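One structure is given here, and the rest of the page talks about it.
The values are calculated or read from the model by the stated rules, or taken from the named source; none is laboratory data. Computed from a predicted structure; not experimentally measured. All Cβ positions, glycine included, derive from the backbone under ideal geometry; neighbour counts span all protein chains shown. Protein only, heavy atoms only, side chains kept; ligands, DNA and RNA dropped before computing areas. Shrake-Rupley method; radii C 1.70, N 1.55, O 1.52, S 1.80 Å.
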Amino acid sequence: MPGEYRFSFGPWNIHEGADPFGPTVRDSIAFSKKLKMYKQLGFDGVQFHDDDAVPDMNDLSPEQIIKKAEEVKKMLDDEGLVAEFVAPRVWEDARTIDGAYTSNDPACREYAKERSRRMLDITDALDTKLVVLWLAREGTYIREAKNSKVAVDRIVEAINDMLTYNPRVKIAIEPKPNEPMDQAYIPTTGHALAIAYLTSEPERVGVNIETAHTILAGLDPSDEMGFALAFNKLFTVHLNDQNGLKFDEDKTFGSVDIRRAFNQVRLLDRYDYGKSGEFVGLDVKAMRTQKQEMATKHLANSRMIFLRLVELVRSLDQDKVEKLIVERDYEELDMLIINHLMGR
Ligand code: GLO
Ligand code: MG
């Protein structure tokens, strides 16, 4: 039944609207106020960057960080929410300008590893067992700047360090082919899963597949998800949409290509995604034009579109689909799907 899915988003999905060409256009909303919006919008899970939970954590001792994170856990409990994952934000500090785990400077790499250990303390304090690794600056602007073989060795080494430091967590790598870098080292699901098998504990490393990132890589999101499912590695998802090859748009799920969204939901629903506790995670941004009081519609709408697509997936005449596949009449199958999506 639609409604059995649990949804999550990160506090950065309610944002002020700044882009590379213009300033903020909406007021900041305090984290505690954002938390109050989750249930109202139909969400149960909160995705965290480490410093969403513990701002200015670089200025705090490990003990202070844990204490602050425990306070945040209490805030979640009070709202009836749970933390879905924690991600180390290792792309804003001056020491990660040239990459975090793949920086050419050993002192900078050590900073990134140390910060990741603090992130893993926060993961325990928030009582989640999932880490997301978006490897934002692990890439180059020019090929000559780094050694791509060594970069992979270093990413594996950093992941091994995390696996050893906190044996309770699983790590979901979030591949993305570009932005902010010209070329990222882990651009696709295939790359992420190959990395998983180089680590010391492959069964603890999987992926977070983001719709827009797969499209930026010229791939199909549902096929990428199918690939990860075949390896039992789809630890979580970042659903959204993307209009072609341009900057990472993080549009409302299904708002560009409803059929592409239908196929993602169809696959997730068919393979019981969510039954082992996985969240339907969103990573969506409101349009910059949206006024303050209307700047959460992208979240409620993405969730609603997902649930309506679950209904469409389940009401599709599967016998007809099978028959057309046997007859190899894909023109008719095409029409069947289009008619179904058009409510005919
Ligand atoms: C950016 C990513 C980013 C991550 C988030 C969690 O393109 O999608 O939003 O998902 O920082 O690590
Ligand atoms: Mg994302």
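A few remarks follow.
- Odd one out for ASP27 among (1) in contact with a helix residue (DSSP H, G or I) (Cβ under 7 Å, 6 or more places away or on another chain); (2) part of a helix (DSSP H, G or I): (2)
- Against the numbered list (1) in contact (Cβ under 8 Å) with a residue 40 or more places away in the chain; (2) within 16 Å of ligand 1 (Cβ to nearest atom); (3) open to solvent by 30 Å² or more (accessible area, probe 1.4 Å); (4) in contact with a Leu (Cβ under 7 Å, 6 or more places away or on another chain), LEU245 comes up short only at (1).
- Filtered residues of segment 109-127 (kept if open to solvent by 20 Å² or more (accessible area, probe 1.4 Å), out of contact with any Phe, Trp or Tyr (no Cβ under 8 Å at 6 or more places or on another chain) and under 16 Å from ILE155 (Cα atoms)): GLU110, TYR111, GLU114
- Residues that are open to solvent by 60 Å² or more (accessible area, probe 1.4 Å) and more than 29 Å from LEU41 (Cα to Cα), drawn from segment 78-97: GLU92, ALA94, ARG95, ILE97
- Checking ARG303, ARG270, ARG259, ARG204 one by one, the residue that is crowded, with 18+ Cβ neighbours inside 10 Å and farther than 22 Å from LYS129 by Cα is ARG303 and no other.
- Pairs, first closer than 25 Å to ARG6 by Cβ in segment 310-334, second open to solvent by less than 70 Å² (accessible area, probe 1.4 Å) and at pLDDT below 95, C-beta under 6 Å, six or more apart: VAL310/PRO2; GLU311/PRO2
- Residues that are open to solvent by 40 Å² or more (accessible area, probe 1.4 Å), in contact (Cβ under 8 Å) with a residue 12 or more places away in the chain, under 20 Å from the mean Cα position of the chain (by Cα) and under 22 Å from LYS297 (Cα atoms) do not occur anywhere in segment 49-59.
- Lone qualifier among LEU282, LEU229 - being under 27 Å from ILE195 (Cα atoms) and open to solvent by less than 30 Å² (accessible area, probe 1.4 Å): LEU282
- Filtered residues of segment 193-225 (kept if part of a helix (DSSP H, G or I) and more than 16 Å from ligand 2 (Cβ to nearest atom)): LEU193, ALA194, ILE195, ALA196, TYR197, LEU198, PRO202, GLU203, ARG204, SER222, ASP223
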